[in-house]
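Have a look at the structure below before the remarks.
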Amino acid sequence: MTCQTCDSKTHASGERQPILSVRDLTVRFAGVDQPILDRVSFDVGKGEVVALVGESGSGKSVTALSIMRLLPPGTTVSATAVDFSGQDLRDLSAGEFDHLRGGRLSMLFQQPQAMLDPTSRVGAQVGEPLYYHNGIHGRENRRQVVGLLSEVGIPDPSARADCYSYELSGGMAQRVMMAAALSAGPELLIADEPTTALDVTVQAQILRLLDAERRRRRLAVLLITHDLSVVSAVADRIIVMYAGRVVEEGPATRVLKQPAHPYTQALIRCSLFQADALGKLFSLPHGAVHARDLTAGCRFHPRCPVAQVHGCLDRCIVEEPHLGDTEYGCKARCWAATREDHAACEGASA
Ligand SMILES: Nc1ncnc2c1ncn2[C@@H]1O[C@H](COP(=O)(O)OP(=O)(O)O)[C@@H](O)[C@H]1O
Ligand SMILES: [Mg+2]
């Protein structure tokens, strides 16, 4: 159903029932003072594609890995809720979580070749979740493996099932990873930069495949990427992360057409390779900021062009904005972009 006010299939307020609800997810690595993720909250609706975007180092992979319980030992993870399909994942023991991961909750990684086991045949790796989660073995397992390989576009799937992963190209390896990730019939797939390591021509094929599979299976997808052109093709909703914080979220069409946060505006300009009047490509000033190097106030203020022009820089330096409603139906963590604080900001600078 399309929202009446924002021409999106879903609305920021969450028309769809969430399959995943994350609240206040905070991650600290041993020996690092600042939390790398700081109170990250978001929902993924049933059958919805939510894109998690941001520069390298903003905390996208750590978000995914903490949900999947794949962070290294010694990492401290806390949250007020991590609900998956009505179940609080924080309550699950390690054994119970193993039965969920790779089954109802599955993940696709950036480096398919690195994630596949070079010593085991492709068919065994795709068939393993089928056996472990669904108890399917023997000939039926083989039949379903070949069916899955065919479904993800592997030519001659029966022969390929007997190959080793090092015999496959990057694109074929990612198709195999997708077959393995989908084999036990997940309800939510977390895809972490699934096309970044691939050739440009293959990237589009893998994205089309991902989109076709999620429609066929009514699958919810949390799609992690730094590439906004990927997002525009498939996402219903966008969550923008900066230095371990969510700084903007809303329907994909809205965020892409009318980004409210200066950081989202800059990301879009970068991804479109926009140039200035002199033909110089736009780029964000300074390198990416990491959560561990933060100062007070808005995390983006040292790189923000808007704060200076808008006249609320004093406030941005000392006080971090909350995630407030913007004029265009999204939420943004910016004093200059949020409705109620727009006036407050002008008042403060008057
Ligand atoms: N195991 C780790 N120990 C310490 N710091 C880490 C670890 N893994 C990631 N980080 C740091 O966490 C931040 C977020 O990383 P990540 O989530 O991988 O970013 P990205 O948005 O590029 O996926 C980065 O500053 C990274 O250096
Ligand atoms: Mg990453």
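Go through region 83-89 residue by residue and turn each phi into a ³J(HN,Hα) via Karplus (6.51, -1.76, 1.60, θ = phi - 60°); whole Hz please, and just put x for glycine and proline.
Using θ = phi - 60°, the values come out as 9, 10, 6, x, 10, 7, 5 Hz.
If I stretch the segment between Asp117 and Leu70 completely, what's the gain in nm (0.36 nm per residue apart, minus their alpha carbon distance), one decimal?
Contour length minus the Cα-Cα distance gives 15.2 nm.
By how many nm would the segment from Arg23 to Asp211 lengthen if fully extended, with 0.36 nm per residue of separation less the alpha-carbon distance?
This chain segment gains 65.0 nm when fully extended.
What net charge is computed for the residues neighbouring Gln110, neighbours being all others with C-beta under 10 Å from the C-beta of Gln110, Lys and Arg scored +1, Asp and Glu -1?
Local net charge: -2.
Could you list which residues have their amide H under 5 Å from that of Ile238, counting only those 5 or more apart in sequence or on another chain, with H placed in the peptide plane?
Residues meeting the amide H criterion: Ala51, Gly250, Ala252.
Check which residues have an amide H placed less than 5 Å from Gly45's amide H, if you skip close sequence neighbours.
For Gly45, whose amide H was placed from the backbone, the distant partners under 5 Å are Ile19.
At Ser169 and Gln87, where each label point lies 7 Å from the Cα along Cα→Cβ, what is the point-to-point distance in nanometres?
Here the answer is 3.9 nm between the modelled labels.
For a protection proxy built on the mean count of beta-carbon atoms within 10 angstrom, sort 84-94, 20-30 highest first, please.
Final packing ranking: 20-30, 84-94.
Once you have a ≥ b ≥ c as the square roots of the Cα gyration tensor eigenvalues for region 36-87, tell me rounded if a/c is under 1.5, and otherwise prolate or oblate according to whether a/b is larger than b/c.
oblate
Each reported figure results from applying straightforward, stated rules to the coordinates on display, with no laboratory input. This structure is a prediction, so every number in the text was calculated from the model and none was measured. Please note: Cβ atoms are built from the backbone with ideal geometry, for glycine as well, and neighbour counts cover all protein chains shown.
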